[in-house]
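Structure, as structure tokens:
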Amino acid sequence: MLKDKNIIVGITGGIAAYKTASLVRLFVKAGANVQVIMTPNAREFITPVTLSTLSGKPVISEFFTANTGQWNSHVDLGLWADAMVIAPATASTIAKMANGVADNMLVTTYLSAKAPVFVAPAMDLDMFKHPTTKRNLELLRSYGNHIIEPAAGELASHLIGKGRMEEPEKIFEVLDRFFEKGQDLAGKRVMITAGPTYEKIDPVRFIGNFSSGKMGFALAEECAARGAEITLIAGPVALNTSSPAIHRIDVMSAQQMHDAAISEFATSDVAILCAAVADYTVENALDHKIKREKDEIPVIRLKKNPDIAKAIGEIKKPGQVTIGFALETDNEVENAKGKCQRKNLDFIVLNSLQNKDAGFQVDTNVITIITSDGKALEYPCKPKTEVAKDIVDVLVKDYII
Ligand code: PMT
């Protein structure tokens, strides 16, 4: 997807700069034209000769080329680029970008760039956690930049935490996916619920279900790849996201998922309710561990949880689209149609537990999309990533104005 794309790779002064050599190599191997811009501090971490050799172009660091009377035009570079990637992006460069401080060639080019910008932060964990850095990253997000979240692990300081620049292969993949798709959800905000909810019985036990979150996470990546900004409200799952356009809110219980969803839906164009939400919660939950008493069997009393999809259906405004899921074991189509109507959904995705390749945990799904006017579209068994594409295709074709 990156063949013949013009990519500016910006490198700033952090130890992760050495990894960016591999990123440049990956882009060049994929057929992209790469122009490296280094800040003066970046040159202390990796030599420009390495990067100009890998990219096949002289590295730019300064506004002026010494003794030639020539200057490097940030405006021309900004217009040339199809994408700009800043990796690693130090806290200082992120702060400059957020506040328009154009005191070096890299940040000046960033301000001129019309192309999508991808920022891969790298710094020590405390710098990453600092409220200033958080605010600056939020500002960059709000300007439409794509933040490639750093990974957690051992840092150059030998401390353990979040702040390691994402691996070059992952950064490459983010750009590759970005260009793979038409951006038919550009400018749209999509809220997705995913995974199970856990309802506490006591501090060590809960009522839950088998949802892994795979279907919801695949939908989030698909919508992000097609240009949307995603809020992913996830129950307890062991999954990571890779797209920088996904803003994740982790929750535990149905009530927490409900509260996050209601608040996020106000600014969403689309809601996809893929979570397996517990219909009941524990009325007599305890704040201490239930002991195993000899003859006494504890009684767990249940009360109803809020129905998130229904609540959203009630506050839905014209132009907002809502999509639900139905997980059924019998009388499937009729049950799904009923849920679609009761919850005021635009369409519902039926998956059946009758099929061993569908539903919870597995990497595949078999779905039927049922629209509010009763039409049914059946699909064969596919990986959940492909199923997500089918669902988003219907959304874009028939529901997005
Ligand atoms: O996570 P995976 O392992 O990949 O599995 C995917 C999945 C099987 C969980 C997913 O494809 C799926 O079917 N999700 C919905 C499961 C479900 O709870 O279905 P339901 O028929 O009980 O609910 C109908 C709809 O109402 C769903 O959109 C559900 O999110 C929503 N709901 C239900 C109850 C509730 N209290 N609030 C809700 O919003």
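A few comments on the model shown:
- Sequentially through segment 368-374, phi angles give Karplus couplings (6.51, -1.76, 1.60; θ = phi - 60°) of 10, 8, 10, 8, 5, 8, x Hz, Gly and Pro residues having no value and appearing as x.
- Helix 17-29 and the long axis of the chain differ in direction by around 80°, with both axes built from C-alpha atoms.
- Relative packing of 332-342, 312-322, which averages over residues the other C-beta atoms within 10 Å, highest first: 332-342, 312-322
- Here the Gaussian network model covers the chain, with springs between Cα atoms less than 10 Å apart; of 273, 77, 175, 77 fluctuates the most.
- Comparing 160, 272, 94 in a Gaussian network model of the chain, where Cα atoms under 10 Å apart are tied by springs, the biggest mean-square fluctuation is seen for 160.
- Within the listed set 382, 291, 343, the Gaussian network model of the chain (springs between alpha-carbon atoms below 10 Å) gives the highest mean-square fluctuation for 291.
- FRET efficiency, residue 304 to residue 152 (Cβ-Cβ, R0 41 Å, nearest 0.05): 0.60
- Residue-by-residue Karplus 3J(HN,Hα) for segment 293-307, coefficients 6.51, -1.76, 1.60, Hz, glycine and proline x: 8, 4, 10, 9, 9, x, 10, 9, 9, 10, 9, 5, 8, x, 8
- Under-5 Å amide H pairs with residue 359, H placed in peptide plane, nonlocal only: 366
- Tail weight of P(r) past 27 Å, computed on alpha-carbon pairs of the chain, percent: 56
- Net charge dipole, segment 6-181: roughly 140 debye, given to the nearest 20, about the Cα centre with Cβ charges of +1 for Lys and Arg and -1 for Asp and Glu.
- Neighbours of residue 31 by Cβ distance under 10 Å: Lys/Arg scored +1, Asp/Glu scored -1, total +2.
- For segment 189-399, diffusion coefficient by Stokes-Einstein and Kirkwood Rh (Cα), 4 °C, 1.567 mPa s, µm²/s: 73
- A dipole drawn for the chain from +1 and -1 charges on Cβ atoms has a positive end, and of 196, 370, 326 the residue lying farthest that way is 196.
- Under 5 Å from the amide H of residue 206 lie the amide H atoms of 201, each residue being 5 or more positions distant or on a separate chain, with H modelled from the backbone and absent for Pro and chain starts.
- Calculated FRET efficiency for the pair residue 297/residue 256, C-beta based, R₀ 35 Å, to 0.05: 0.75
- Charge dipole magnitude, Cβ of K and R +1, D and E -1 - segment 189-399, Cα centre, debye nearest 20: 260
- Surface accessible to a 1.4 Å probe, per residue, for the residues of the chain, Å²: 48
- Amide H partners (placed H, <5 Å) of residue 36, local residues excluded: 9, 60
- Bridges between two residues of segment 62-154, per DSSP, are antiparallel at a rate of about 25%.
- Antiparallel DSSP beta bridges within segment 189-399, as percent of all bridges there, nearest 5: 40
- Average Cα contact separation per residue, the chain, under 8 Å, 6 or more apart, as relative contact order %: 11
- Axis of helix 384-398 versus longest Cα principal axis of the chain: the two differ by about 90°, to the nearest ten degrees.
- When only the Cβ of Lys, Arg, Asp and Glu is charged (+1, +1, -1, -1), the dipole of the chain relative to its Cα centre reaches about 340 debye.
- Looking at segment 220-323, the DSSP beta bridges with both ends there are about 25 percent antiparallel.
- For segment 134-139, 3J(HN,Hα) per residue [Karplus equation, 6.51 cos²θ - 1.76 cosθ + 1.60, θ = phi - 60°, Hz, x = Gly/Pro]: 4, 5, 5, 5, 4, 4
- Surface composition of segment 189-399: carbon and sulfur make up 50 percent of the accessible area, probe 1.4 Å.
- Sites residue 167 and residue 238, calculated FRET efficiency, Cβ-Cβ separation with R0 25 Å, nearest 0.05: 0.80
- Only one residue of 40, 92, 117 has its Cα farthest out toward the positive end of the dipole of segment 1-133, where Lys and Arg carry +1 and Asp and Glu -1 on Cβ, and that residue is 117.
- Separation of the residue 341 and residue 379 label points, Cα + 7 Å toward Cβ, nm: 2.5
- Exposure of residue 74 as accessible area (Å², to 10), given a probe of 1.4 Å and all protein chains: 40
The values are calculated or read from the model by the stated rules, or taken from the named source; none is laboratory data. Only a predicted model underlies this, so the values are computations on that prediction, with no experimental measurement involved. All Cβ positions, glycine included, derive from the backbone under ideal geometry; neighbour counts span all protein chains shown. Please note that ligands, DNA and RNA were not included when accessible areas were found on the heavy atoms of the full protein model with its side chains. Shrake-Rupley method; radii C 1.70, N 1.55, O 1.52, S 1.80 Å.
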